[in-house]
Amino acid sequence: MPADGSPYESCPEVCGNLERPGVALDTPKWIEHSHLDTTVDQLRIEEALAAMAWRGKSILHIGVGNSRFAQRFAAEAALIDGLTVCQSEVDLARSLRIPNYTVYFLNKYSREFLLTLTNRYDFVIDNNLASFACCKYHFYRMLDNYLWAMKPGARILTDQRGMDFTVEEQRWILSYEDLQALERKFPVRVSRVTATVYSIAAIASEVTG
């Protein structure tokens, strides 16, 4: 763990790419999952969510893939909004016509996040928190975006397997201790839900929404 308690001390502070932040945006093998099976880490997050009080709640799903998450949860959720940077995933999601399910072609690291989403969420599902990160600035912007969109007490759910995966930089591999270090920079509390699924909860007194 870096001396200042923050992850990625050796990573670039700012990548300089403000228009299209993140990596692999033009590489289908990394971003196109519309016709692939649901990953192991995503399934573990779904099982953890299923054991929580999710019915009637609003959910933001980052990286919608095959949209099976929405097929499983949308009928009893208040709503599910999904984000993706892959047009074929948007097309598939819209073709399914799932009630309470809206998918946006939107980058989680971007400034447009704040201008596009109008709902507030009880859960944010992101199994690849830093896998596509380009720099610390945009990783922290992503967390700011999430917290802005979360209701007081809402939770981000992620999984260690997804945190172990990176597209380019091995230094973006996350540990549970790295998540805990974020408590020093953001109004969050980190906890284990299962052996591999982790929660990053917004501190209600410091987050508005």
Checklist entry - Can you list the lysines whose alpha carbon sits under 18 Å from that of Lys57, skipping same-chain ones fewer than 8 residues off? => result Lys151
Next on the checklist: So, R0 is 25 Å and r is the distance between the beta-carbons of Ala53 and Trp148; what FRET efficiency does that work out to, to 0.05?
Outcome noted: 0.60
Next on the checklist: Please report the carbon-and-sulfur percent of the accessible area for the stretch 87-209; probe 1.4 Å, protein heavy atoms only, DNA, RNA and ligands left out.
Outcome noted: 48
Item to check | Neighbour cut-off at most 14 other Cβ (10 Å), DSSP loop, trypsin sites (Lys or Arg not before Pro), the stretch 106-157 | outcome: Arg111
Checklist entry - Suppose every K and R has +1 on its Cβ and every D and E has -1 on its Cβ; what is the size of the dipole of the stretch 22-110 about the Cα centre, in Debye to the nearest 20? => result 220
Next on the checklist: Could you sort Leu79, Leu115, Leu96 by their accessible area in this structure, using a 1.4 Å probe and putting the largest first?
Outcome noted: Leu115, Leu96, Leu79
Checklist entry - Which net charge results for the neighbourhood of Arg55, defined as the other residues with beta-carbon distances under 11 angstrom from its beta-carbon, given Lys and Arg at +1 and Asp and Glu at -1? => result -1
Checklist outcome for this item: For the chain, percent of DSSP beta bridges that are antiparallel (nearest 5) comes out at 35
Next on the checklist: Keeping every protein chain present and rolling a 1.4 Å probe, give me the accessible area per residue for the chain in Å².
Outcome noted: 46
Next on the checklist: Can you find, among Val14, Ala74, Val40, the residue sitting farthest towards the positive end of the charge dipole of the stretch 10-84, where Lys and Arg contribute +1 and Asp and Glu -1 at Cβ?
Outcome noted: Ala74
Checklist outcome for this item: Per DSSP loop assignment and a cutoff of at most 15 other beta carbons within 10 Å, the chain keeps its longest run without exposed GluC sites (Glu not before Pro) at 77-167
Next on the checklist: Can you tell me which lysines have their Cα less than 19 Å from the Cα of Lys136? Leave out same-chain residues fewer than eight positions away.
Outcome noted: Lys108, Lys185
Checklist entry - Taking the Cα centre of the stretch 13-161 as the origin, how large is its charge dipole in debye, to the nearest 20, when only Lys and Arg (+1) and Asp and Glu (-1) carry charge on their Cβ atoms? => result 300
Item to check | Principal axis box of the stretch 54-209, alpha-carbon based, largest edge first, Å | outcome: 41, 37, 33
Item to check | Set of the stretch 110-130 residues, backbone N closer than 17 Å to the point 7 Å along the Cα-Cβ line of Leu18 | outcome: 110-115
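The values are calculated or read from the model by the stated rules, or taken from the named source; none is laboratory data. Please read all numbers here as calculations on a predicted model, not as lab measurements. Heads up, the Cβs are rebuilt from the backbone with ideal geometry, glycines too, and the neighbour counts pull from every protein chain shown. Heads up: the accessible areas ignore ligands, DNA and RNA and are worked out on the full protein's heavy atoms, side chains in. Shrake-Rupley method; radii C 1.70, N 1.55, O 1.52, S 1.80 Å.
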